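Chemist: Below is a structure I'd like to ask you about.
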Amino acid sequence: MRVVIQRCKYASCTVEGQVVSKVEKGFLCLVGFKEGDTLDDVKLLAKKTAGMRIFEDENGKMNLSLNDVSGDILVISQFTLYADCKRGNRPSFTEAMNYNDATDLYNVYCEALKGYNINVSKGVFGADMKIELLNDGPVTIILDSDNI
């Protein structure tokens, strides 16, 4: 499982010309799953995401979490996080988890985040989404269940 966390001032998700979700201050999380990912992976990365201290405190040090700043999360499914570009210029996505299992884990991840008293907005799994983002910093953190 991979999560790309982008600290944001604003993020939104549009599907077929309609804004379906948005957040102000918080995180935009791009989330991808690979075959073999487990519920334990999902719960661990949800805990890591919720506890990530990447907002500045009064001394300008990244020391505050989402809860400390009353931030929200927009979670977007993104199977392309598992693109394999080793051969040629056309990526392969064979490592990405199948649609049904990935949908289930995506929903578990979102629910797990809510368990940390975080307001969670979601994209539309599998849809052609347009994501708008004002990255704050920029601050971008990559979490990978294989490295934690």
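Chemist: What does the net charge come to around Asp104 if you take all other residues with beta carbon closer than 12 Å to its beta carbon, with K and R at +1 and D and E at -1?
Modeler: Surrounding charge for Asp104 is -3.
Chemist: OK, next. How high is the relative contact order of the range 26-93? Use alpha-carbon pairs under 8 Å, at least six apart in sequence, and give a whole percent.
Modeler: Averaging sequence separation for qualifying contacts and normalising by length gives 40 percent for the range 26-93.
Chemist: Ok, one more. Using helices alone, I'd like the mean residue ellipticity at 222 nm for the chain: each DSSP H run of four-plus residues gives -39500 (n - 2.57), total over residue count, nearest 500.
Modeler: -6500 deg cm²/dmol
Chemist: Can you tell me the length gained on complete extension of the stretch Leu64 to Ile131, counting 0.36 nm per residue apart and subtracting the Cα distance?
Modeler: Extending this stretch completely gives an extra 21.6 nm.
Chemist: For the Cα atoms of the chain, what angle does the longest principal axis make with the long axis of helix 39-51, in degrees from 0 to 90, nearest 10?
Modeler: On a 0 to 90 degree scale, this one is about 30.
Chemist: How compact and how long is the chain, expressed as Rg and Dmax of its alpha-carbon atoms in Å?
Modeler: Gyration radius and largest Cα-Cα distance of the chain: 15.1, 48 Å.
Chemist: Would you kindly calculate the translational diffusion coefficient of the range 4-50, applying Stokes-Einstein with the Kirkwood radius from alpha carbon pairs, for 20 °C and a viscosity of 1.002 mPa s, and quote it in µm² s⁻¹ without decimals?
Modeler: 172
Chemist: Local charge sum around Val75 (other residues, Cβ-Cβ under 11 Å, Lys/Arg +1, Asp/Glu -1)?
Modeler: 0
Chemist: Please report the spacing between the Cα centers of the range 6-69 and the range 73-97 in Å, no decimals.
Modeler: Comparing the Cα centres of the range 6-69 and the range 73-97, I get a distance of 19 Å.
Chemist: If you don't mind, there's one more thing I want to ask. Evaluate the relative contact order of the chain (contact order divided by residue number), counting alpha-carbon pairs under 8 angstrom at least 6 apart; express in whole percent.
Modeler: 38
Chemist: Here is a further query. Can you give the translational diffusion coefficient of the range 44-112 in µm²/s, computed by Stokes-Einstein from the Kirkwood radius over Cα pairs at 20 °C and 1.002 mPa s?
Modeler: Result for D is 146 µm²/s.
Chemist: Shifting gears a bit: Just to confirm the number: angle between the C-alpha axis of helix 99-114 and the first principal axis of the chain, 0 to 90 degrees, nearest 10?
Modeler: For 99-114 against the chain, the angle is about 10 degrees.
Chemist: My understanding is that a pair violates if its Cα-Cα distance is over 26 Å; which of Lys47/Lys122; Lys86/Lys114; Lys9/Lys48; Lys47/Lys86; Lys34/Lys86 do that in this structure?
Modeler: Lys86/Lys114; Lys47/Lys86
Chemist: Roughly what percent of Cα-Cα pairs across the range 89-147 reach past 13 Å?
Modeler: 77
Quick note: the coordinates plus some simple rules give every number you see, no bench work behind them. It should be emphasised that the depicted structure is a prediction, and the values quoted were computed from it without experimental measurement. Cβ atoms come from the backbone with ideal geometry, glycine included; neighbour counts cover every protein chain shown.
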